[in-house]
Amino acid sequence: MTNPLGVYVHWPFCSRICPYCDFNVYKNKAVDAQTWTTALKRDLNYWAERTKGRKLTSLYFGGGTPSLAPIETITGVVDACAELWGFEAEAEITLEANPTDAERTRFDAFAKAGVNRLSLGVQSLRDDALIFLGRNHNANDAKRAIETARSVFERITFDLIYARPDQSIDAWRNELSEAIKLGATHLSLYQLTIEPGTAFAKAVDAGRWAALEEDQCADQFALTQELTEAAGLPAYEISNHAALSDQSRHNLIYWRYQDYIGVGPGAHGRLTWNDERIATQTHDRPDAYLTSVEKTGTGLNASEQLDQEAQLTERLSMGLRLREGITLYADDYFYNDDTRAEKLLQLTSDGLLANNCGRISATPKGRPLLNAVIRDLLT
């Protein structure tokens, strides 16, 4: 497959705003299905005119909680993508959902609409942790949703958040072992991150609780690699675990720095036009997005041509997250800076990066320190 192209659709509404979330989300409200379907299809048409002759590798409904979107909107978007671009063979169509009863009853409808991969926002299999994380489901809801999803979709994935305050390594071992036994073919396992401006950040600043110590986080990260590897779900990306056939085709587009279109409020995109790399972003607020589409045919709020330095930063930041790493050829822009080349040699000598004939990747020693490694390489 050459020149992959993906579409990301952002549905910005949630039934509640989780205290750890810093995404572009808004409290769910009644929406007009026809208005949103029309707007998203019109925005897709705008981008299809600019990417003629290409087919889609993937379509991803994210959010927010896109499983709350009207079924006719999901169906309308899938059908529009099929008409405007067409899908590659074995294209991936993913939709994010929560494990609540209301959404679980809609799984068959999503599959009928064309969704062939479901991503469940489980976050934990422990009731006390789910309360702490502000979720509106319990552990039994999550397990039932996973079971139902497996009966409807050939491919499913679910998220868990670990390294929570006061979580012991044995507690995480038990929870992750239980998650693996539930039979998902893909797991996204994230350490709890305190993002600025979130309710969690305010709680930590106020001293109501403290994040787990760094060495405890490192131990839990190491355990995560050990257990998933043994289960046949190795980490192909720093937080994502799957066998080769079940890796997320859409997210690989991001990490391999390929092309994707973003529609819906607050969606980002990256496209290559005439050998230029373009970054795009839509209007954040739903009302502003709808107004923009109505007036101009697109929700686009900003676009920027990325220079070589910006592209390098993004390529390294995304590509080094992958176990496969990225290739830096001898004539790559990276090597224009002797200092940067020297840092690469030092990081390789320190055992944090590996250089296999120009294929640069993080080592097992370097992966837990990846943010620091990338920062060192680029500064």
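The values are calculated or read from the model by the stated rules, or taken from the named source; none is laboratory data. A quick note: this is a predicted structure, and the numbers were derived from the prediction, not measured. Positions of Cβ are generated from backbone atoms using ideal geometry, with glycine treated the same way; all protein chains shown enter the neighbour counts.
Table: residues versus (1) at pLDDT 95 or above; (2) not in a loop (DSSP other than H, G, I, E, B).
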| site | (1), (2) |
| --- | --- |
| Q220 | yes, yes |
| S245 | no, yes |
| N251 | yes, yes |
| Y257 | yes, no |
| G266 | yes, no |
| I278 | yes, yes |
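Select, from Q308, Q258, Q281, the only residue that is within 29 Å of N240 (Cβ to Cβ), polar (S, T, N, Q) and touching a Phe, Trp or Tyr at 6+ places or on another chain (Cβ under 8 Å).
Values: Q258 fails: touching a Phe, Trp or Tyr at 6+ places or on another chain (Cβ under 8 Å); Q281 fails: touching a Phe, Trp or Tyr at 6+ places or on another chain (Cβ under 8 Å).
After ruling out the rest, the residue left standing is Q308.
Name the residue that is surrounded by the fewest Cβ atoms within 10 Å (Cβ to Cβ), counting only residues in segment 340-367 that are within 17 Å of T327 (Cα to Cα) and among the basic types (K, R).
In this case the residue turns out to be R359.
Is one or more of the residues making up segment 297-314 touching a Lys or Arg at 6+ places or on another chain (Cβ under 8 Å), modelled with pLDDT of 95 or more and buried (at least 20 other Cβ atoms within 10 Å of the Cβ)?
There is at least one residue in segment 297-314 that is touching a Lys or Arg at 6+ places or on another chain (Cβ under 8 Å), modelled with pLDDT of 95 or more and buried (at least 20 other Cβ atoms within 10 Å of the Cβ).
Of all residues being of a type in the set (D, E, K, R) and either part of a helix (DSSP H, G or I) or in contact with a His (Cβ under 9 Å, 6 or more places away or on another chain) (or both) in segment 316-350, which is nearest to T363 (Cα to Cα)? Just the residue, please. Please lay out each step first, then the result.
Looking only at segment 316-350, we keep the residues that are of a type in the set (D, E, K, R), and these are 321, 323-324, 331-332, 337-338, 340, 342-343, 350.
Next, only the ones that are either part of a helix (DSSP H, G or I) or in contact with a His (Cβ under 9 Å, 6 or more places away or on another chain) (or both) stay: 338, 340, 342-343.
Details: D338: 23, R340: 19, E342: 18, K343: 16 Å.
The extreme case among them is K343.
Could you please let me know if L370 is in contact with a Lys or Arg (Cβ under 6 Å, 6 or more places away or on another chain), surrounded by fewer than 17 Cβ atoms within 10 Å (Cβ to Cβ) and closer than 17 Å to R256 by Cα? Lay out the reasoning, then the answer.
Values: in contact with a Lys or Arg (Cβ under 6 Å, 6 or more places away or on another chain): no; surrounded by fewer than 17 Cβ atoms within 10 Å (Cβ to Cβ): yes; closer than 17 Å to R256 by Cα: yes.
Spelling it out, it is not the case that L370 is in contact with a Lys or Arg (Cβ under 6 Å, 6 or more places away or on another chain), surrounded by fewer than 17 Cβ atoms within 10 Å (Cβ to Cβ) and closer than 17 Å to R256 by Cα.
When you go through A242, A222, A230, A218 one by one, which is the residue that is in contact with a helix residue (DSSP H, G or I) (Cβ under 6 Å, 6 or more places away or on another chain) and assigned by TED's automatic domain parsing to the domain that holds W85? First the steps, then the outcome.
On the way: A242 fails: in contact with a helix residue (DSSP H, G or I) (Cβ under 6 Å, 6 or more places away or on another chain); A222 fails: in contact with a helix residue (DSSP H, G or I) (Cβ under 6 Å, 6 or more places away or on another chain); A230 fails: in contact with a helix residue (DSSP H, G or I) (Cβ under 6 Å, 6 or more places away or on another chain).
When all the criteria are applied, what remains is A218.
Can you work out which of the residues in segment 80-108 that are part of a helix (DSSP H, G or I) and surrounded by 15 or more Cβ atoms within 10 Å (Cβ to Cβ) is farthest from the chain's Cα centre (by Cα)?
Narrowing segment 80-108 to residues part of a helix (DSSP H, G or I): 80-84, 101-104, 107-108.
Okay, now just the ones that are also surrounded by 15 or more Cβ atoms within 10 Å (Cβ to Cβ), so 80-82, 84, 103-104, 107.
Values: A80: 23, C81: 20, A82: 23, L84: 24, E103: 20, R104: 21, F107: 21 Å.
Only one residue tops the list, namely L84.
Mind checking which pairs have a first residue in segment 29-57 that is in contact (Cβ under 8 Å) with a residue 40 or more places away in the chain and under 13 Å from L84 (Cα atoms) and a second that is hydroxyl-bearing (S, T, Y) and part of a loop (DSSP other than H, G, I, E, B), Cβ under 7 Å, 6 or more apart or different chains?
Short answer, once both residue conditions are applied: D43/T298; Y46/T298.
Condition first: among the basic types (K, R), closer than 30 Å to A211 by Cα, part of a loop (DSSP other than H, G, I, E, B) and at pLDDT below 95. Can you find one or more residues in segment 13-20 that meet it? Even if it seems obvious, please write down each step before you answer.
Of all residues in segment 13-20, those among the basic types (K, R) come to 16.
Filter once more, so that each one left must be closer than 30 Å to A211 by Cα: 16.
Adding the requirement that they be part of a loop (DSSP other than H, G, I, E, B) leaves 16.
Remaining after also requiring at pLDDT below 95: 16.
Yes, segment 13-20 contains at least one residue that is among the basic types (K, R), closer than 30 Å to A211 by Cα, part of a loop (DSSP other than H, G, I, E, B) and at pLDDT below 95.
Please specify each residue of segment 220-270 satisfying the condition of being among the polar types (S, T, N, Q), under 21 Å from S168 (Cβ atoms) and surrounded by fewer than 20 Cβ atoms within 10 Å (Cβ to Cβ). Write out each step before concluding.
Just the residues of segment 220-270 that are among the polar types (S, T, N, Q), to begin with: 220, 224-225, 228, 239-240, 245, 247-248, 251, 258.
From the residues that got through so far, the ones that are under 21 Å from S168 (Cβ atoms) too are 220, 224-225, 228, 239.
Of everything in segment 220-270, those that are among the polar types (S, T, N, Q), under 21 Å from S168 (Cβ atoms) and surrounded by fewer than 20 Cβ atoms within 10 Å (Cβ to Cβ) turn out to be Q225, S239.
Within the bounds of segment 179-193, is there any residue that is part of a loop (DSSP other than H, G, I, E, B) and under 22 Å from L369 (Cα atoms)? Quick ask: steps written out before the conclusion?
In the first step, residues of segment 179-193 are kept if they are part of a loop (DSSP other than H, G, I, E, B); the result is 182-185, 192-193.
Okay, now just the ones that are also under 22 Å from L369 (Cα atoms), so 192-193.
The answer is yes, given that some residue of segment 179-193 is part of a loop (DSSP other than H, G, I, E, B) and under 22 Å from L369 (Cα atoms).
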